Amino acid sequence: MAIYIKTAEQIAKMRVAGAILARLDGILQEAIKPGITTKQLDKIAEKYIREKGAIPSFKGYGGFPGSICTSVNDEIVHGIPGKRILKQGDIISIDMGSFIGGFHADAARTYAVGEISEEAKKLIDITKQSFFKGIEYAKEGCHLNEIGTAIQKYVEENGFSVVREYVGHGIGRNLHEDPSVANYKTPNRGVKLKKGMTLAIEPMVNMGTYKLKVLKDGWTAVTKDGLYAAHYENTVVITDGEPEILTLLP
């Protein structure tokens, strides 16, 4: 396992990539309304990322056709933007990446489309809060497993389940680097966190079972029981104090 510790200069470059996604979050929030297609959202995101001098990290990554991933309702991750029209009551998870100055940032949010059910609101909220429970342990000297254990505990206490097949990851020059960051308790403690590590921490939470299947397109992962799923992700720097979140506006 090769874990790259970033220099202050490299983290500064990642800050630029992260700020683009933090602002894009606000733009998407405005745009997401009943009647818009996932392809239109993809175009909005790509235009914004490129206007800022960056490249969408996902475009062509492993052959992925979109600039962002658009996962609606029971779609957990890797939904492909297309003709699907969003309607009142839907929820949509958008995973976005930007690459600038030789470094990547990665973030995901789940948005309500118009008015949504109380249960769907709770799912989005618990998913987001589980990330913040996890990063209480994103500190120098803690072990990776403490992050996943905290996420899983919080999610399950609130009656939901954590996806096992997909996990967070290191990030930097490459979109995916070591180490893998599980959102659940693993048998070993995992690596000891050190200042200068950069991680994409991303709980994926299902309303029902954590089990999933991948659709025929080879990308879109959906819940096995057809219930809603949510996703929340930020790029985080381990410091000698509180973690720094690069993909949230200060």
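Side notes on the structure shown:
- Reported count of residues in the range 164-179, each being of a type outside the set (D, E, K, R), touching a strand residue (DSSP E or B) at 6+ places or on another chain (Cβ under 6 Å) and open to solvent by 60 Å² or more (accessible area, probe 1.4 Å), is 1.
- Residues of the range 200-243 that are touching a residue at least 12 places away in the same chain (Cβ under 8 Å), charged (D, E, K, R) and within 20 Å of residue 168 (Cα to Cα): 202, 211, 233, 242.
- Every residue from the range 1-32 that is within 18 Å of residue 174 (Cβ to Cβ), buried (at least 16 other Cβ atoms within 10 Å of the Cβ) and charged (D, E, K, R): 6, 13, 15
- Test for residue 29: is it touching a residue at least 12 places away in the same chain (Cβ under 8 Å) and assigned to a loop (DSSP other than H, G, I, E, B): no
- Any hit, the range 76-84, residues being over 25 Å from residue 116 (Cβ atoms) and under 20 Å from the mean Cα position of the chain (by Cα): no
- Any hit, the range 124-143, residues being open to solvent by less than 30 Å² (accessible area, probe 1.4 Å), assigned to a loop (DSSP other than H, G, I, E, B) and touching a Gly at 6+ places or on another chain (Cβ under 9 Å): no
- None of 161, 117, 93 is hydroxyl-bearing (Ser, Thr, Tyr), open to solvent by 20 Å² or more (accessible area, probe 1.4 Å) and within 15 Å of residue 229 (Cβ to Cβ) except 117.
- Candidates in the range 63-90 are the residues that are among the acidic types (Asp, Glu) and more than 20 Å from residue 30 (Cβ to Cβ); of these, the one that is most open to solvent (accessible area, probe 1.4 Å) is 74.
- Residue identified as open to solvent by less than 10 Å² (accessible area, probe 1.4 Å) and of a type in the set (Ser, Thr, Tyr) among 235, 209: 235
- Near pairs, Cβ below 9 angstrom, 6+ apart or cross-chain, from the range 83-94 (of a type in the set (Ser, Thr, Tyr)) to any residue that is part of a loop (DSSP other than H, G, I, E, B) and open to solvent by less than 10 Å² (accessible area, probe 1.4 Å): 93/79
- With respect to (1) more than 24 Å from residue 205 (Cβ to Cβ); (2) touching a residue at least 60 places away in the same chain (Cβ under 8 Å), the lone exception for residue 67 is condition (2).
- Any hit, the range 120-142, residues being of a type outside the set (Ser, Thr, Tyr), within 11 Å of residue 230 (Cα to Cα) and under 13 Å from the mean Cα position of the chain (by Cα): yes
The values are calculated or read from the model by the stated rules, or taken from the named source; none is laboratory data. None of the values given here were measured: they were computed from a predicted structure. Reconstructed Cβ throughout: ideal geometry from the backbone, glycine too, with neighbour counts over all protein chains shown. In case anyone asks, the SASA skips ligands and DNA or RNA and just uses the protein heavy atoms, side chains included. Shrake-Rupley method; radii C 1.70, N 1.55, O 1.52, S 1.80 Å.
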